[in-house]
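These notes concern the structure reproduced below.
Just so it is clear, none of the values below were taken in a lab; they were calculated from the coordinates. Just so it is clear, the model here is predicted, and its values are computed rather than measured. Cβ atoms come from the backbone with ideal geometry, glycine included; neighbour counts cover every protein chain shown.
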Amino acid sequence: MKKIVLLFLSLSAIDLLFAQDAEITLQPDSICGKDAMVWNAPGHNNGTTNYGSNDAFGANAWTNQGTPDTTRSLLQFDLNRIPQGSTINSAQLSLYNNPTTTFAQGQHSTQSGPNDLYIQRITSAWSEHTVTWFTQPTATLLNQVSVPPSTSAHQDFPNIDVTALVQDMVDNPGSSFGFMIRLQDETYFRDMVFATSDYSVANKRPMLSIHYTMPESGCFVFQPQEGCGNDAMVWNAPPFNNGTTNYGLHEALGVNAWTNSGTPDTTRSLLNFPLDVIPANSIISSAHLSLYNNPNTQFAQGQHSTMSGPNSALIQRITTSWDERTVTWMTQPASTTQNQVLIPASVTAHQDYPNIDVTQLVKDMINDPSNSFGFMIRLETEEYFRDLVFASNNEPDQTKGPKLEICFTPDAVPENHNIPFNIYPNPAHHSVFVQAKRNTTEDYTVSVVNLLGEEISPSFIIYEKMEIPLQNCSPGIYFLKFTGSQGIYAKKLVVN
């Protein structure tokens, strides 16, 4: 669920106080949710057991056959939609009791003393489906939040203020991996029990509500957490009859040309990111895609290959829709070669490809959203034997999934569409004509300004019609700025 409110504080001819207040509420389900208990009950030898699929988690201190045991919980939300540099105005975490779980009989307990909690920022990576007590991540005491003890066995804890913690996460994404929940006093007998994202009652799953202000300029870093992204392989190996098989949950992405029993087979990959969150009236200053080798997958033994020739690949813009959970080779989407990007051939078997420049492709996607559905990756020459193998967002190591970093700046000039002038031609080349839509005795001045708001032409007084020379304008985007007693107007002008 997402709600974005655009708030323009003030507008002038070339100065835009560009503030965007936004709200986002995250309450993921079992597919996209990431939470787990870590539990050490020596009597049950479960310190190496993973509890990432439970419908409950908690903070617990108890005994098993007289031996103390302890439980903590881990919880991470995908904050990719919040750009770096944002100011977190408020962030509220809601945790709800799970009364139906067998864990601690679904009840909070203060049998030996208060069960108040700490919520801390996790500072090292962890995987929901492999983490255990003995591999639990590290956490910091900085800005930890104190949660008061329960007053009833099935109490919910809505709207816990975690503003400072979320601000730390946005400011320090490389050392922020969610929340750790633990008792302040891990002395038996006391506990708290909550529902996880795997709980059957949707409105009782962990929820994080954030209100934030985007920066004037900044960067989004999209690297969806485990299982929460949108990517898939499409693979056609005729001997295996898998051209109709979906590989949307595979741990690898690949581009491949090989043979099976002497019959050629081919693999391509698809990935998409939520570009709808890029602020309106923004200019994309850079976009870089990072792809990381997955050495642990069985697909192509996790190795790039140039056995028969270079395995250079192409990144193209996908132009038709597709679904991660259903797409196959036979239903793969269309793509365009316009502004496609070349990935050079690998030089080692496990080479990573960080910071591939896809700036123009991302600009194309934002400028033409109805015909843009992510990236297709395919070999430049689809002839066996050659391949590239990357991690998908389903790889448990979150740091290895596909990453897209997009940096943006605001338009220096706000465009006003209700201006009292016709402008033609647009796009223009050597000159542009400006003509009043109606007779007026008012004097207006008009000038050409660039995206930084700098005037690059003299100001001309215009009455009804005039021709404005553009010899000082190299190809690109500009604005015509009109100034008169009735106001200031700006109109985008493309020079080619």
Lone Cys, the chain, Cβ cut-off 4.7 Å -> Cys473
Options [x] 21.2; [y] 37.3; [z] 28.6 are given for mean projected area of the Cα convex hull in nm², and the computed one is [z]
Stretched fully, the stretch from Ser175 through Leu142 gains (0.36 nm per residue minus C-alpha distance, one decimal, in nm) 10.6 nm
For the chain, averaging the sequence separation of alpha carbon pairs under 8 Å that lie six or more residues apart and dividing by its residue count, the contact order in percent is 16 percent
Listed with the fewest Cβ neighbours within 10 Å leading, Thr71, Thr306 appear as Thr306, Thr71
Exposure-ranked with fewest Cβ neighbours within 10 Å first, Glu226, Glu383 stand as Glu383, Glu226
Asserting the computed 222 nm helical MRE of the chain (DSSP H runs at least 4 long, -39500 (n - 2.57) per run, divided by residue count, to nearest 500) equals -1000 deg cm²/dmol
Links exceeding 21 Å between C-alpha atoms in this model, out of Lys363/Lys492; Lys34/Lys400; Lys437/Lys481; Lys204/Lys400; Lys204/Lys403, come to Lys204/Lys400; Lys204/Lys403
Dividing the mean separation of Cα pairs under 8 Å (6+ apart) by the residue count of the stretch 230-410 yields a relative contact order in percent of 36 percent
